[in-house]
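Worksheet: the structure to be examined is printed underneath.
The values are calculated or read from the model by the stated rules, or taken from the named source; none is laboratory data. Not measured: the values here are computed from a predicted model. No Cβ is skipped: glycine too gets one built from the backbone with ideal geometry, and neighbour counts run over all protein chains shown. Protein only, heavy atoms only, side chains kept; ligands, DNA and RNA dropped before computing areas. Shrake-Rupley method; radii C 1.70, N 1.55, O 1.52, S 1.80 Å.
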Amino acid sequence: MRNRLATESSPYLRQHADNPVHWQPWDARALAQARAEEKPILLSIGYSACHWCHVMAHESFEDAATAAVMNALYVNIKVDREERPDLDRIYQLAHQALSQRGGGWPLTLMLSPHELLPFFAGTYFPKTPRYGMPAFVDLLQRARDWYDAHRDEAGAHAAALRGFLDQQFRAAPGAEPGAHLPAEAEAALLRRFDPQWGGFGGAPKFPHTADLELLLDSPDAPAHEAALHTLTRMAQGGIHDQIGGGFARYSVDARWEIPHFEKMLYDNALLLPLYAKAAALTEHAHYREAAEGIAQWLEREMRAPDDGYYAALDADSEGEEGRFYVWDASAIRALLPAEEFAVAAAHWGLDAPANFEDRHWHLREVRPLAEVADALGIAESLAHERLHAARASLLQARAHRPRPGLDDKRLTAWNAMLASGYARAAAWLDRPEWAARASAIVAFLHARAVADGRLHASVQGGQARFAGYLDDHAWLLTAHLDLLAVDPDPQHLRRAMALADTLLERFEDHQAGGFYFTAHDHEDLPARPRSFVDEATPSGNGVAAHALLRLAWLSAEPRWLDAVERCLRAAHDTLTASPSACAGLLAPLRHWHAPPTQVVVRLPQSDASAWREAIAELLRQGIACVQLPNLDAAADPLPLHPGATGGIAYVCSGSRC
């Protein structure tokens, strides 16, 4: 037996390739070995940007004595939760059932080799006893001793756990959810809203973009203002990289001041169109600046040379969390001219006590620039110029520091999410270069993530890996629909239709409605995950239902409309019990009951640019728009909206135009 991770596609798994632990990937060979040897499996699930994953690796997995115990007692399997979200969803829920508390990463489980279900579950464990937790080696031995002495009991536990998982992932069709549920969700969110700092609840605080979009789209003024206030406070806070742009995963405090410093592609893909929308709705410059900062960071640090965007930046560099991002006030003073430092220090809090570990400064907006300019007796425009110059100097200086680790796999769902985000942001702010980036991303995915006629979940080392999940298909479908607003290429509509059919063929529960996370021919696992509840990203069922609803209205295709109705009915109980947990599904539900206005523009082949300003104005007003050129009848994917000489626009509500 040996460590087999060196040839894996995941950067996270390769980080563990030199461990003395005999790590195996999750594959048939490793599972067969566990069964043949009658050894329980130690399953460790994490991801490359996870701080506590690194801590446990350094303390235990790199330690020869700990590794010897692991190798003697278990078949040890490492899983990247971003490559195998199917496994992560199953085992996070199993952990919750066993421990009666939420999970996280690293997720640590001991599985029976035949049932592949845990008899013990936890997260991080220290090498020596502390934080009220046992030493990891002691836990390994005790868990194995229990398993050896209680095989029958372990089997009974596994059967009960399988029944629990099946029940949690099951859907039962109910009545059509009511039109009142979005308002109920908004009211529930507003009850948890922090009126001072924005966001919902206390620390730690996450962006929860699906909730923010629900509130931003609300006709209710308090809900709308809560979303804008949260976006403002986040942009002012340390969760927002004040120097390099982009947002960290979450804030460890209620003020958005100190983040957990990892930067994920998905957060920024979802926040980009939100800030662009806020900028268009309010014409406030700070929202536009936040959106532009996200785009600049993406292009500077996350875009691969052959296209597509990397998954994440680590929280750690040089063995310390946040080291790349924090500053010494004296170092900034030495880098900047006195007049620039005076503005930067007052604006970013460098004239106040250190706010990170009592010895470093993490920059956030402490005083508005207008107030700083007034205190210094200069024009606000001059203060802006000096801050801009200071930011450029600090960004250049920071570029010479050892960088955080980069997870360079390109995930289909997250890239499609970004293509959607770029397309929507381009529509709101009339940025054709962002529309071009969105088109390039979907072209990359069709060229590189499709193999053997099938969409895959990850591109790494030139290979498409892992058959695509629900989210991969639903987000790519959404990206093509969003691109139709800014790129009149009929290929977007054709590909959207093909993806919609794939959703129904490979993922839909034809009995109960809704969509499984894995395809019908996926690897046989202890359970088949499905969720209507949002996590860090909107639920795949919500994304799929919304995209299918938009496509059904556009094409008047009843099979897609019927699938949306089945999905909403399958989600009835979850939506009714906890509507604020399902913001991703509430958008299609709201539009199911009250279809928004959509304009379909058939552009003349001769001079499509003649319609550009009219289309841009529609998009600025938030009116959905689809652009297609006039085509021959035989090649037209949208024959219900025929073209006309000089162009024609159809104003539609639902399928009525």
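Quick look at the numbers
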{"read-out": "Residue list for region 319-338, given a label point 7 angstrom along the Cα-to-Cβ vector of Ala389 and an amide N cut-off under 20 Å", "value": "330-338"}
{"read-out": "Cysteines without a disulfide-compatible neighbour (Cβ-Cβ under 4.7 Å), the chain", "value": "Cys567, Cys582, Cys625"}
{"read-out": "Extended-chain gain in nm, criterion 0.36 nm per residue less alpha-carbon gap, Asp573 and Ala188", "value": "136.9 nm"}
{"read-out": "His114 paired with Ala338, simple spin-label distance in nm, labels 7 Å along Cα-to-beta-carbon", "value": "8.1"}
{"read-out": "Relative contact order for the chain, counting Cα pairs under 8 Å that sit 6 or more residues apart, in percent", "value": "12"}
{"read-out": "FRET efficiency, Glu289 to Ile378 (Cβ-Cβ, R0 22 Å, nearest 0.05)", "value": "0.65"}
{"read-out": "Accessible area, probe 1.4 Å, largest first, for residues Ile648, Ile77", "value": "Ile648, Ile77"}
{"read-out": "Mean ellipticity per residue at 222 nm, deg cm²/dmol - from DSSP H runs of n ≥ 4 across the chain, formula -39500 (n - 2.57)", "value": "-15000 deg cm²/dmol"}
{"read-out": "Separation of alpha-carbon centers, region 108-156 and region 483-508, rounded to whole Å", "value": "46"}
{"read-out": "Relative packing of peptides 396-402, 87-93 - highest average C-beta neighbours within 10 Å first", "value": "87-93, 396-402"}
{"read-out": "Distance between modelled label sites at Glu433 and Phe206, nm, 7 Å Cα→Cβ extension", "value": "3.3"}
{"read-out": "Residues of region 234-370: accessible area per residue with a 1.4 Å probe, Å²", "value": "34"}
{"read-out": "Accessible-area composition of the chain, carbon plus sulfur, in percent [1.4 Å probe]", "value": "52"}
{"read-out": "Full-stretch length increase - Ala6, Glu318 - with 0.36 nm per residue and alpha-carbon distance subtracted", "value": "110.0 nm"}
{"read-out": "Relative contact order computed over region 221-342 (Cα-Cα under 8 Å; 6+ residues apart), in percent", "value": "20"}
{"read-out": "Extension gain from Gln96 to Leu640, taking 0.36 nm per residue of separation minus the Cα-Cα distance", "value": "190.9 nm"}
{"read-out": "Anisotropy class of region 522-609 from Cα gyration tensor, a/c 1.5 cut", "value": "prolate"}
{"read-out": "All aspartates and glutamates inside 15 Å of Lys277 as judged from Cα atoms, apart from same-chain residues fewer than 8 positions distant", "value": "Asp211, Glu213, Asp217, Glu225, Glu289, Glu292, Asp430, Asp482, Glu617"}
{"read-out": "With DNA, RNA and ligands ignored, accessible area of Ser48 (1.4 Å probe; Å², nearest 10)", "value": "10"}
{"read-out": "Under 21 Å from Lys205, Cα to Cα: lysines that are on another chain or at least 8 residues apart", "value": "Lys263"}
{"read-out": "Candidate lysines - alpha carbon under 20 Å from Lys39, same-chain residues fewer than 8 apart omitted", "value": "Lys78"}
{"read-out": "Å² of accessible area per residue within region 18-76, as computed with a 1.4 Å probe and no ligands counted", "value": "32"}
{"read-out": "Percent of beta bridges antiparallel (DSSP, the chain, rounded to nearest 5)", "value": "75"}
{"read-out": "Structure-derived semi-axes √(5λ) of the Cα gyration tensor in Å: which label, when the choices are [x] 36, 32, 22; [y] 40, 35, 22; [z] 54, 33, 21", "value": "[y]"}
